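Step one of this worksheet: look at the structure below.
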Amino acid sequence: MDNGNNDNAPRGLTCPRCGRGHFFTTNSEPLPNGRIRRRKRCPSCGRIIVAYEVEIESFSAA
Ligand SMILES: [Zn+2]
């Protein structure tokens, strides 16, 4: 919903191949160590990357 404004600001990851920043998350899977593995796909060039994310709560669990 923008009125002619540029929306080129990359959000999060940027595709290493085509430089765009809008990945689709195609798969997300929690790992036993509290992380989440996400598979993301670039809608422009089809490049697939895998990102690991850590839940905030797991940091305070000492
Ligand atoms: Zn791409």
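The values are calculated or read from the model by the stated rules, or taken from the named source; none is laboratory data. Nothing here was measured: the structure is a model prediction, and the numbers come from that model. Note that we place each Cβ from the backbone using ideal geometry, even for glycine, and neighbour counts take in every protein chain shown.
Here are a few things to note about the model shown:
- For T25: the one exception among (1) surrounded by 14 or more Cβ atoms within 10 Å (Cβ to Cβ); (2) at pLDDT 85 or above: (1)
- Residue in the range 28-51 that is farthest from C15 (Cα to Cα), counting only those that are within 16 Å of the ligand (Cβ to nearest atom) and surrounded by fewer than 11 Cβ atoms within 10 Å (Cβ to Cβ): V50
Condition check ((1) part of a loop (DSSP other than H, G, I, E, B); (2) touching a Phe, Trp or Tyr at 6+ places or on another chain (Cβ under 8 Å); (3) modelled with pLDDT under 90) across all residues:
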site: M1; (1), (2), (3): yes, no, yes
site: G4; (1), (2), (3): yes, no, yes
site: N8; (1), (2), (3): yes, no, yes
site: R11; (1), (2), (3): yes, no, yes
site: R20; (1), (2), (3): yes, no, yes
site: P32; (1), (2), (3): yes, no, no
site: R38; (1), (2), (3): no, yes, no
site: S44; (1), (2), (3): yes, no, no
site: A62; (1), (2), (3): yes, no, yes
